[in-house]
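J.: Before we start, here is the structure in question, set down as structure tokens.
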Ligand code: R5P
């Protein structure tokens, strides 16, 4: 692996140590010695304990729960590296939190995804690398080069190994996710269905209309985020009610807040497959129908290519 921008250094925050180590193993590099700890009042303190002058540094940190702490760690690590004369700093943020606040949802509300992009840029990042952004256009919130990687090659490999594709239908759980689901359906050459959630009258519960004939099919729901699990559980119920044989879900970011893992376990979903972009909690690991695929290899390869100034997009051809 050749680096055109000085030696490669990997600095991990506290959000996902297992993924950081797996990425380092994939690159056959050690993690740079650094201390990221709290003062008594919970202020964050960072000390990079190795020389990084002139290095091509990649910070590995998802801004997952607790989002504000992990974001602040990322910003402070970036500042420490900039002041230590790193030649180039890439913020590798496999899960970009705040992404769902990407537009004004009402009068006098913020666009927090843009604010977070500004914070990362102003802290001193030269580049950003992330995975399955909630909306592709968030890439444009950064005025620095931003690579949005896709987990789809990892998911497609798993789906091909596990399913008889002649009886599979890919399903988008809402209209907003159609482009993502269609892309995956195209890769595995299966039909596509869409769930249209609609509240007919204010105060009435949402009606799930399934667009497409799913009867007899093994349905695979595709989405970027599973948070409370509500979207998936309702979608699975609607598909079964419309005659689907069984329902699986492949979702990149397992946010799975609160009691979401238990909700998935007691749902009609056969299996939820997530990635390790967010470190799985004990409840997720113990859940009998949740499984995590690793995106470490994909990120290692993207880092190697970035360091060598090679194409990253060709990873997804
Ligand atoms: C929404 O636009 C996202 O793509 C997900 O569908 C949503 O965040 C899932 O949230 P929950 O699991 O809480 O229904």
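Each value in this text was obtained by applying a stated rule to the coordinates, not by laboratory testing. For clarity, every value in this text was computed on a predicted model and none was experimentally measured. Note: ideal-geometry Cβ built from the backbone for every residue, glycine included; neighbour counts use all protein chains shown.
J.: To the nearest 10 degrees, how steeply does helix 296-307 sit against the main Cα axis of the chain, on a 0 to 90 scale?
T.: Computed tilt is about 40 degrees.
J.: Please give, to one decimal in nm, the separation of the simple spin-label points placed at residue 268 and residue 119, each 7 Å out from Cα toward the Cβ.
T.: Taking the two extended label points, one gets 4.1 nm.
J.: Sticking with this one: Work out the FRET efficiency for residue 215 and residue 67 from their Cβ-Cβ distance, taking R0 = 30 Å, and round it to the nearest 0.05.
T.: So, using R0 = 30 Å, E works out to roughly 0.15.
J.: Test of understanding: extend the Cα→C-beta vector of residue 237 to 7 Å, then name every residue of segment 189-223 with backbone N under 18 Å from that spot.
T.: 195-201, 203-211, 221
J.: Now for a separate question. Report, in deg cm²/dmol and to the nearest 500, the calculated mean residue ellipticity at 222 nm for the chain, where each DSSP H run with n ≥ 4 adds -39500 (n - 2.57) and the sum is divided by the residue count.
T.: That comes out to -9000 deg cm²/dmol.
J.: Sticking with this structure for a sec: Could you tell me the calculated FRET efficiency between residue 21 and residue 163, based on Cβ-Cβ distance and R0 = 30 angstrom, to the nearest 0.05?
T.: 0.45
J.: Rounded to the nearest angstrom and ordered from largest down, what semi-axes does the equivalent ellipsoid of the chain get from its C-alpha gyration tensor (root of 5λ)?
T.: In descending order, the three semi-axes are 36, 21, 18 Å.
J.: Mind ranking 254-260, 55-61 by how tightly packed they are, going by the mean number of other C-beta atoms within 10 angstrom, highest first?
T.: 55-61, 254-260
J.: Just order 284-290, 112-118 by mean Cβ neighbour count inside 10 Å, highest at the front, would you?
T.: 112-118, 284-290
J.: To test your reading of the geometry: what angle, between 0 and 90 degrees and rounded to tens, separates the Cα axis of helix 152-162 from the longest principal axis of the chain?
T.: 50 degrees
J.: In whole angstrom, how far apart do the alpha carbon centroids of segment 119-168 and segment 49-76 sit?
T.: Result: 19 Å between the Cα centres.
J.: Test of understanding: what is the full-extension gain from residue 179 to residue 316, defined as 0.36 nm times their sequence separation minus their Cα-Cα distance?
T.: Length gained, residue 179 through residue 316: 47.7 nm.
J.: Which order do 316, 96, 141 fall in if you start with the one that has the fewest other Cβ atoms within 10 Å?
T.: 316, 141, 96
J.: Between 247, 175, 233, which gets the highest mean-square fluctuation from a Gaussian network model of the chain, Cα cutoff 10 Å?
T.: 175
J.: Continuing with this model, one more query. Give the calculated FRET efficiency between residue 33 and residue 291 to the nearest 0.05, with a Förster radius of 41 Å applied to their Cβ-Cβ distance.
T.: With R0 = 41 Å, the Cβ-Cβ based efficiency is 0.80.
J.: Let me check against my output: what whole-number percent is the relative contact order of segment 152-293, with C-alpha pairs under 8 Å and at least 6 apart?
T.: 19 percent
J.: Here is a further query. Among 150-158, 42-50, what's the highest-first ranking by average C-beta atoms within 10 angstrom per residue?
T.: Result, highest mean Cβ count within 10 Å first: 150-158, 42-50.
J.: On a 0 to 90 degree scale, rounded to 10, what angle separates helix 112-123 from the longest Cα axis of the chain?
T.: Its long axis makes an angle of about 20 degrees.
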